[in-house]
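Presented below is the structure to which this report refers.
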Amino acid sequence: MSDVDVVVIGAGAAGLSAASRLGELGLSFRLVEAKGRIGGRTWTESSTFGVPFDRGGHWLHSADVNPLRFEADRLGFAYHQGYSPPSSRPLHLGRGWADAAGRQDSVEWVDATFEAVHALGRAGKDVAAIEAIDTVNRWYRLIRHWHEAISAFGPEEISTLDLFRYRDTDHNWPVVKGYGALVAALFAHVPVTLDAPVSAIDLTGPDVRVETAKGTIHARAVIVTCSTNVLAGGSIRFTPDLPPALGEALRAIPTGGANKVAFQFSRDVFGMEPTSYATFMDERDPARHALSYQIRPFGDDIAIAYLGGRFAEETEAAGEGAMIETARAGLVDMFGSAIMDHCITTTATGWCGDPHTLGAYSCAKPGEAHRRAVLGEPVHDRLFLAGEAVSPDWFSTVHGAYLTGMDAAQKIATMLP
Ligand SMILES: Cc1cc2nc3c(=O)[nH]c(=O)nc-3n(C[C@H](O)[C@H](O)[C@H](O)COP(=O)(O)OP(=O)(O)OC[C@H]3O[C@@H](n4cnc5c(N)ncnc54)[C@H](O)[C@@H]3O)c2cc1C
């Protein structure tokens, strides 16, 4: 006898939307979450700076068509529409700011190279993005950084076909009170059992048996929203084993690295407009990674550095001190060491080592783009995956996760007898 129709595992954007939709469809559910909070990779907290800080998802990507943008309008969550594309931002080269000609040159090369990468995907070629990139070009470190920020992997680990399939309208709008806060407000009505990590899912009996730290739940179906790295990592035991094709897909579409390092100042030390951006690439030292920064988000005296890919993973592994030093060095080179006299708080995220995410967002490896579709296929008509990695065209985003959760709930409603 089932306790509920559906167990939903993970209270991130996908799990919350799945549970909410199940409720609308008249199905009973239990939503269980390993952490002591909801939101997963969308998490706004105000305790560090006294103002909202998104430790995970921040921008409403493809905001003009993003369904969560419309929810933000409905719930009265403001967002900033003045996002400048990465290629048009002030660029510091170590010795000083790039002049207009240098900026133009970098923009043209980066844009043309992105287009060359996309052209491979458009032609149906599933190869590494690096095949379209001149790695000895002066601006190579810039495009490497942008690939790492967008895909959470460097260009040698990105499938051109997968990247091409990502639907981007170039409208990226940050939410003033936080993207995590928006998701939390949208699903405030959904009951969640927190601190209940799932350790096993058994599909061998008449019911699905889900073992959690807060007891065993019997259900007619289960929706699992954990990241691909968590699922491939084996912290949830599946009986029988997941189908080999699904196991291969989880490994072929890993969750890459991305982190933020943020500094709060006691006053405006930058003299830049609210919600500005700056990019740093030190031409004095070719071994240094390029970095991008958000400066004074919404007018708060904060700077946020973005680290992506293996660089984010390795810096996180070296410790919070190493992350802060890496980001601080770039800031000081751009704006002078005196700014640090006014720095009052620092913080760094640690998504790669977080056992419940083991990374930031997913990306198909070269040659593996076709496996993303496998993630969305039901297992024995009773186990459904949802989450950003399952989205065919909006993977790696909050709204992609949100839509896959609704979709899984809908599929269950039509499939359950
Ligand atoms: C630094 C960073 C910046 C980002 N920036 C953006 C951005 O600007 N815009 C954007 O759209 N996206 C962004 N993203 C990506 C976006 O946040 C994610 O794609 C999205 O939030 C994923 O949602 P999800 O529901 O698929 O997964 P998750 O949010 O990871 O939800 C899965 C949940 O499952 C839980 N869980 C794991 N294991 C278990 C278990 N055994 N039992 C029970 N529960 C478990 C986890 O704790 C988690 O809460 C960013 C992500 C990061 C990390």
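Observations on the model:
- Extreme residue, surrounded by the most Cβ atoms within 10 Å (Cβ to Cβ), among residues of segment 19-54 that are over 18 Å from the mean Cα position of the chain (by Cα) and part of a strand (DSSP E or B): Leu31
- Hey, Ala389 modelled with pLDDT of 95 or more, outside the structural domain of Ala152 (by TED's automatic domain parsing) and part of a helix (DSSP H, G or I) or not: yes
- So Asp64, is it exposed (fewer than 15 other Cβ atoms within 10 Å of the Cβ), at pLDDT 95 or above and under 20 Å from the mean Cα position of the chain (by Cα): yes
- Tally, over segment 301-346, of residues that are more than 21 Å from the chain's Cα centre (by Cα), crowded, with 18+ Cβ neighbours inside 10 Å and among the charged types (D, E, K, R): 3
- Segments classed as strands (runs of 3 or more DSSP E), wholly inside segment 282-359, with at least 1 members that are touching a His at 6+ places or on another chain (Cβ under 9 Å): 291-295, 302-308
- Inside segment 212-236, residues that are surrounded by fewer than 20 Cβ atoms within 10 Å (Cβ to Cβ), within 10 Å of the ligand (Cβ to nearest atom) and not hydrophobic (A, V, I, L, M, F, W, C) make up a count of 2.
- Residue in segment 394-411 that is outside any helix (DSSP H, G or I) and either acidic (Asp, Glu) or not assigned by TED's automatic domain parsing to the domain that holds Asp241 (or both) present: no
Condition check ((1) on the phi < 0 side of the Ramachandran plot; (2) modelled with pLDDT of 95 or more; (3) more than 16 Å from the ligand (Cβ to nearest atom); (4) among the hydrophobic types (A, V, I, L, M, F, W, C)) across all residues:
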position	(1), (2), (3), (4)
Ile253	yes, yes, no, yes
Ala258	yes, yes, no, yes
Ala262	yes, yes, no, yes
Ser266	yes, yes, yes, no
Phe270	yes, yes, yes, yes
Arg284	yes, yes, yes, no
Ala287	yes, yes, yes, yes
Ser292	yes, yes, no, no
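- Residue in segment 143-151 that is touching a Ser or Thr at 6+ places or on another chain (Cβ under 6 Å), under 24 Å from Ala123 (Cβ atoms) and in contact (Cβ under 8 Å) with a residue 12 or more places away in the chain present: yes
- Hey, Phe263 in a loop (DSSP other than H, G, I, E, B) and not basic (Lys, Arg) or not: no
- For segment 355-372, the set of residues classified as more than 19 Å from Ile130 (Cβ to Cβ) and either without any contact (Cβ under 8 Å) to a residue 24 or more places away in the chain or away from the ligand (no atom under 13 Å from the Cβ) (or both) consists of His370, Arg371, Arg372, listed by residue number.
- Taking segment 373-409 as the range and being more than 8 Å from the ligand (Cβ to nearest atom) and among the small types (Gly, Ala, Ser) as the test, the residues that pass are Ala373, Gly376, Ser391, Ala408, Ala409.
- Residue in segment 201-217 that is part of a loop (DSSP other than H, G, I, E, B), of a type in the set (Asp, Glu) and either under 23 Å from Gly39 (Cβ atoms) or not assigned by TED's automatic domain parsing to the domain that holds Arg382 (or both) present: no
- Condition met for Pro191 (of a type outside the set (Asp, Glu) and part of a loop (DSSP other than H, G, I, E, B)): yes
- Matching residues in segment 382-414 - criterion: being without any contact (Cβ under 8 Å) to a residue 40 or more places away in the chain and either under 13 Å from Leu68 (Cα atoms) or surrounded by fewer than 24 Cβ atoms within 10 Å (Cβ to Cβ) (or both): Gly400, Asp407, Lys411, Thr414
The values are calculated or read from the model by the stated rules, or taken from the named source; none is laboratory data. The model shown is predicted, which means the values in this text are computed figures rather than measured ones. For neighbour counting, all protein chains shown are included, and Cβ atoms are generated from backbone atoms with ideal geometry for every residue, glycine included.
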